[in-house]
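Read through the structure below, which is laid out as structure tokens, and then see the notes.
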Amino acid sequence: MQSVTLPMIIQGGMGAGVSDWRLANAVSRTGQLGVVSGTALDTILVRRLQNGDVGGHIRRALAQFPIPAASAFALAHYFIEGGRQSGVAYTLLPLYKAEMSVERQQLLMLSAFVEVYLAKEGHSGLVGMNLLTKIQQPNLATLYGAMLAGVDAVLMGAGIPREFPVAIDALSEHRVATSAFDVEDMPAGETAHITFDPAVHWQALPPALHRPLFLPIIASNSLATVMARKAGGRVDGFIIEGPTAGGHNAPPRGQTQFNERGEPIYGPRDEVDLAKMRELGLPFWLAGGKGSPEGLRHALAEGASGIQVGTLFAYCEESGHAANLKASILSAVARNAVDVFTDPRASPTGFPFKVVNWAENPADWEHRERICDLGYLRSAYRRPDGKIHFRCASDSIDTYVAKGGKVEETEGRKCLCNALMSNIGLEQLRDNGKVEPPLITSGDDLKLMGAFLDGRRSYSAADVVAYLLDSDEQGAQVAYTASAQEVL
């Protein structure tokens, strides 16, 4: 297999739609690894189409999808010439069921293909996709669509993606792939799985696909060891993410304790032993609080191949954050008037979730009606009749309890799915005339961005890369042969 050269900087895969194709394309053009988020791409695709596909980029990519009937279906059902009229809500996709229809699979494939195709357009750089292990049902179809577009690397965190090295091998040859399906209340000894068969979507199978690199995101040495030695397929490196990173954080190891602000406390047990990581013999990148030239130098000195950076890229001109939110937060950063809170209750997953607070925050969660109509973070459970249904702790409390959930699990929960759509300007309009509130997430180092901004109120992805590489190691890269897992 041909040798692959990976840059030192991996742009974080921030979802949903913050790390969109524009940001990944801009980063890849600098010679670093641009990454698109794979979270909720099907909803993002159909909302972009309902907004009229400004610039025609989506339709340009749809025309290249190798299953034309899927593109035609999406355009016929969701594209609105000139965009939705003012005051009209977005048409929703059906919520996922335990068994996914062919049309639903193809919409996932299509949305991932579009994002990667546009991210790779016009340059020869590498493009990756970030997937959340926790959001189980869409992942295989999303992954396959990304591979149809030639994605170069797959990053997976928020869980243990042990089945995915084997799944990637299978999908590259258009074979059936399976992954875990966590279902609560299953009888002892029984398990559930998600199955995806590429052959269902073709009259005649195309040639084998490029096999992307697989880079799991880990927060412990034990998980790294499991992935490296027991995954059953090829692991090409690791991203080591600390608890200062944005989005979902791994819970603290051991019994959780809280500081005076109500945030979970992380200690020495939550630190990854880099000496043991070096012993595994695979490349690794450090993430969480490393977004500076000093952070890059420290990572390289520890034997890392580089760093993953999210927060600096999240507010650059090319990121998917809505322009008004981006400008408001950067103004607050410049005034040292922004806070990042590690909220142990916000996410229905139960994982700690970083939340940005600032004075001009337009979110009104107190008066939001609890509803779950996107459903990406729902939990599956088995009913006594053997059927698999879903519930979400951010849904209506009565609905959640009626489905067997405990009322105490609903306390403090927020609808991240709808909030993340609002973050990128795709907020849903409700019957009462209100729109869904945003909920911005960032790493702890957002509070330190004032020095980087140095009076600016906007900056580009290229500015971030130039800033990070302002060191003695500027331009250094790591190369390794993917088939042999060897650093060259």
| field | Shape call, segment 214-310: gyration tensor on alpha carbons, a/c limit 1.5 | value | oblate
| request: List S422, S328, S101 from most exposed to least, where exposure is judged by having the fewest other Cβ atoms within 10 Å. | output: S101, S328, S422
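Just add up the charged neighbours of G34: K/R +1, D/E -1, any other residue whose Cβ is under 12 Å from the Cβ of G34. Don't skip to the end; give the middle numbers.
Values: positive: R22, R29, K120; negative: D20, E115, E121, D152, E318.
Result for the neighbourhood of G34: -2.
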| task | List, largest first, the extents of the alpha carbons of the chain along their principal axes, each in whole Å. | result | 58, 56, 53
| task | Give, rounded to the nearest 20 debye, the magnitude of the charge dipole that segment 256-375 has about its Cα centre when Lys and Arg contribute +1 at Cβ and Asp and Glu contribute -1 at Cβ. | result | 200
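Taking all pairs of different Cα atoms in segment 339-454, averaging 1/r and flipping that mean, what Kirkwood radius in angstroms comes out?
Details: mean 1/r = 0.0641 Å⁻¹.
Answer for segment 339-454: a Kirkwood hydrodynamic radius of 15.6 Å.
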| Say a site is exposed when it is one of the GluC sites (Glu not before Pro), sits in a DSSP loop, and has at most 16 other Cβ atoms within 10 Å; what is then the longest site-free stretch of the chain? | 1-80
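When the Cα atoms of segment 68-164 are enclosed in a convex hull and the volume is divided per residue, what value in Å³ results?
Values: hull volume 14.0 nm³, N = 97.
Roughly 144 Å³ of hull volume per residue.
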| said: Looking only at Cβ-Cβ distances, which cysteines of the chain have no other cysteine closer than 4.7 Å? | reply: C316, C415, C417
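Under Stokes-Einstein, with the Kirkwood radius over Cα pairs standing in for Rh, what whole-number D in µm²/s applies to segment 285-338 at 20 °C and 1.002 mPa s? Please list the in-between numbers first.
Working: Rh = 12.5 Å.
Translational diffusion coefficient: 172 µm²/s.
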| Evaluated at q = 0.26 Å⁻¹: base-10 log I(q)/I(0), Debye formula over Cα of segment 278-373 | -1.31
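For the pair E99 and K406, what calculated FRET efficiency results from E = 1/(1 + (r/R0)^6), where r is the Cβ-Cβ distance and R0 = 41 Å, to the nearest 0.05? Don't jump to the answer; show the numbers that get you there.
On the way: r = 27 Å, r/R0 = 0.67.
Result of the calculation: an efficiency of 0.90.
Calculate the all-directions average of the projected area of segment 404-443's alpha-carbon convex hull, and give it in nm². Mind showing how you got there, number by number?
Values: hull surface 17.2 nm².
Spelled out: convex hull of the Cα atoms, projected over all directions, averaged, 4.3 nm².
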| message | Tell me which chymotrypsin sites (Phe, Trp or Tyr not before Pro) from segment 147-239 have a DSSP coil assignment and no more than 11 other beta carbons within 10 Å of their own. | response | W202
| query | Roughly how big is segment 73-184's charge dipole about its Cα centre, with Cβ charges of +1 (Lys, Arg) and -1 (Asp, Glu), in debye to the nearest 20? | reply | 160
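When a/c reaches 1.5 or more, the comparison of a/b and b/c decides; with that in mind, is segment 146-252 rounded, prolate or oblate per its Cα gyration tensor?
On the way: a/c = 2.14, a/b = 1.33, b/c = 1.60.
Taking the square roots of the gyration eigenvalues as a ≥ b ≥ c, segment 146-252 is oblate.
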| said: So if I place +1 on the C-beta of Lys and Arg and -1 on the C-beta of Asp and Glu, and nothing else carries charge, what would the dipole magnitude of the chain be about its Cα centre? I want it in debye, nearest 20. | reply: 520
| field | Coil-residue trypsin sites (Lys or Arg not before Pro) of segment 76-126, DSSP, other Cβ within 10 Å capped at 11 | value | none
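Per the Cauchy relation, a quarter of the hull surface: what is the mean projected area of the convex hull of the alpha carbons in segment 25-93, in nm²?
Values: hull surface 23.5 nm².
Mean shadow area of the hull around the Cα atoms is 5.9 nm².
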| Any idea which of A363, A304, L377 is furthest toward the positive side of the dipole for segment 289-377, if Lys and Arg beta-carbons carry +1 and Asp and Glu beta-carbons -1? | A304
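No lab work stands behind these numbers, since they all come straight from the coordinates. Just so we're clear, the structure is a prediction, and the values are computed from it rather than from any experiment. Ideal geometry is used to build each Cβ from the backbone, glycine not excepted, and the neighbour counts take in all protein chains shown.
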